[in-house]
1. Does segment 192-212 contain at least one residue that is under 22 Å from the mean Cα position of the chain (by Cα), part of a strand (DSSP E or B) and surrounded by 15 or more Cβ atoms within 10 Å (Cβ to Cβ)?
2. Please work out if residue 132 is touching a residue at least 60 places away in the same chain (Cβ under 8 Å), surrounded by fewer than 24 Cβ atoms within 10 Å (Cβ to Cβ) and in contact with a strand residue (DSSP E or B) (Cβ under 8 Å, 6 or more places away or on another chain).
3. Just one of the numbered conditions (1) outside the structural domain of residue 275 (by TED's automatic domain parsing); (2) out of contact with any helix residue (DSSP H, G or I) (no Cβ under 6 Å at 6 or more places or on another chain); (3) modelled with pLDDT of 95 or more is not true of residue 169; which one?
4. Assigned to a strand (DSSP E or B), surrounded by 19 or more Cβ atoms within 10 Å (Cβ to Cβ) and modelled with pLDDT of 95 or more - does that describe any residue in segment 154-163?
5. Inside segment 1-33, can you point out the residues that are more than 24 Å from residue 81 (Cβ to Cβ) and either within 15 Å of the chain's Cα centre (by Cα) or in a helix (DSSP H, G or I) (or both)?
6. Regarding segment 111-123, can at least one residue be identified that is touching a helix residue (DSSP H, G or I) at 6+ places or on another chain (Cβ under 8 Å), at pLDDT 95 or above and within 17 Å of residue 36 (Cα to Cα)?
């Protein structure tokens, strides 16, 4: 492996309300050779997302430590939120940045998953490029039924058992989906009523738009989408998995057009985590809709040169 290689890891944790817990999880990731690029709490989805980058072995160790800290702090039997989840450390993807291939990141994901099970007793499902089975490539297939459903399914259905550990899930921390993938952009758009409309659009409008645009329904390539209520407003919540084929501008234009068809307005947007430089489109409509967007903070390559300070645990 290239000694100068850099990988990114973007773990998602099932806690977005208690900032003290999230700070403890982030602080646990402070390992030599790892840079903190971004972390945020999403109270509406009760979820937090952290972005780190650095040398491969150091990033793997940081991710494993974070999974262990999350398992000790987050109890899924008490946790609720609109975002699908199966674990305290719900999703742990490894992403190649430079000097390393996706296949090598998949091997690192397998190593991380094994360590999460051995150290903390949290079973692991491998997804994306690290998947060991074709029915686990897509994250939504792994998370089908969420924690509550998977907790039962893993015991009665051999096809739903974890790749590492189990068959039972951890009683409070569930399971982690550990994988490798290319850059993914988490992008949400809120919906507002048309001028003069008596009522704000409800979640059914967001769900209809999501259904129309997502790839699995014959929509746009590389787009995953669901409709939810966040901050009391209808929202189209999306993951853009191939921005080079389906640009952010294209996604925004499609949501805007569909919103008009359903009697709504595509309003402010938000990014969860960072975007790569190649996806940054200055003066584009979709970026203008994101309040306070600053490329120094939200573009990966720029953040690498000016990482954040680690929080105190």
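1. No, segment 192-212 has no match at all.
2. Values: touching a residue at least 60 places away in the same chain (Cβ under 8 Å): no; surrounded by fewer than 24 Cβ atoms within 10 Å (Cβ to Cβ): yes; in contact with a strand residue (DSSP E or B) (Cβ under 8 Å, 6 or more places away or on another chain): yes.
The answer is no for residue 132.
3. If we test residue 169 against (1) outside the structural domain of residue 275 (by TED's automatic domain parsing); (2) out of contact with any helix residue (DSSP H, G or I) (no Cβ under 6 Å at 6 or more places or on another chain); (3) modelled with pLDDT of 95 or more, just (2) comes out false.
4. Our first condition is that a residue be assigned to a strand (DSSP E or B); within segment 154-163, this holds for none.
Within segment 154-163, not a single residue is assigned to a strand (DSSP E or B), surrounded by 19 or more Cβ atoms within 10 Å (Cβ to Cβ) and modelled with pLDDT of 95 or more.
5. First, the residues of segment 1-33 that are more than 24 Å from residue 81 (Cβ to Cβ): 1-8, 30-33.
If the condition is that a residue be more than 24 Å from residue 81 (Cβ to Cβ) and either within 15 Å of the chain's Cα centre (by Cα) or in a helix (DSSP H, G or I) (or both), then 8 is the only one that fits.
6. For segment 111-123, residues touching a helix residue (DSSP H, G or I) at 6+ places or on another chain (Cβ under 8 Å), at pLDDT 95 or above and within 17 Å of residue 36 (Cα to Cα): absent.
The values are calculated or read from the model by the stated rules, or taken from the named source; none is laboratory data. Since this is a predicted model, take the numbers as computed values, not measurements. Note that we place each Cβ from the backbone using ideal geometry, even for glycine, and neighbour counts take in every protein chain shown.
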